[in-house]
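See below for the structure under consideration.
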Amino acid sequence: MGRRHQGAGAGLSWVGFVKVWPWKQGALAVSGSTYGCEIAKRNRRIVERILTEGVLEGRLEVFDELCDPGVINHAAAPQAGEGIDALKRVIGFSRTAMPDQRWIDRS
């Protein structure tokens, strides 16, 4: 994806943050296959929607649509908890702390 977080406290890479979520609609790409390439493109679109709509625009309902109810945010502190509601809380805290967040595509 090549997207890096830019804003207050910049330097965080959210690439690892999103790669580990269990998607409702995603799967890992099979390298070297046309099918795998299409899956990778679909996964990229899902990640872009999460970053753009969910994180940057604050439309937290996108997490309900795209993430498994048992989603684990491995970038958050363990006490943040698991599940979509916990993820929404962490994103809400992040948006409050860094309202000027933006993403730069370096791919």
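If you go through segment 60-88 and keep only what is loosely packed, with under 13 Cβ neighbours inside 10 Å and outside any helix (DSSP H, G or I), you end up with PRO69, GLY70, HIS74, ALA77.
Which one is nearest to ASP64 (Cα to Cα) among residues in segment 89-101 that are surrounded by 10 or more Cβ atoms within 10 Å (Cβ to Cβ) and of a type in the set (D, E, K, R)?
ARG89
We did not get these values from a lab; they are worked out from the coordinates using the rules stated. Everything numeric in this text was worked out from a predicted model, so none of it was measured. A quick note on method: Cβ atoms are made from the backbone with ideal geometry, for glycine too, and the neighbour counts reach across all protein chains shown.
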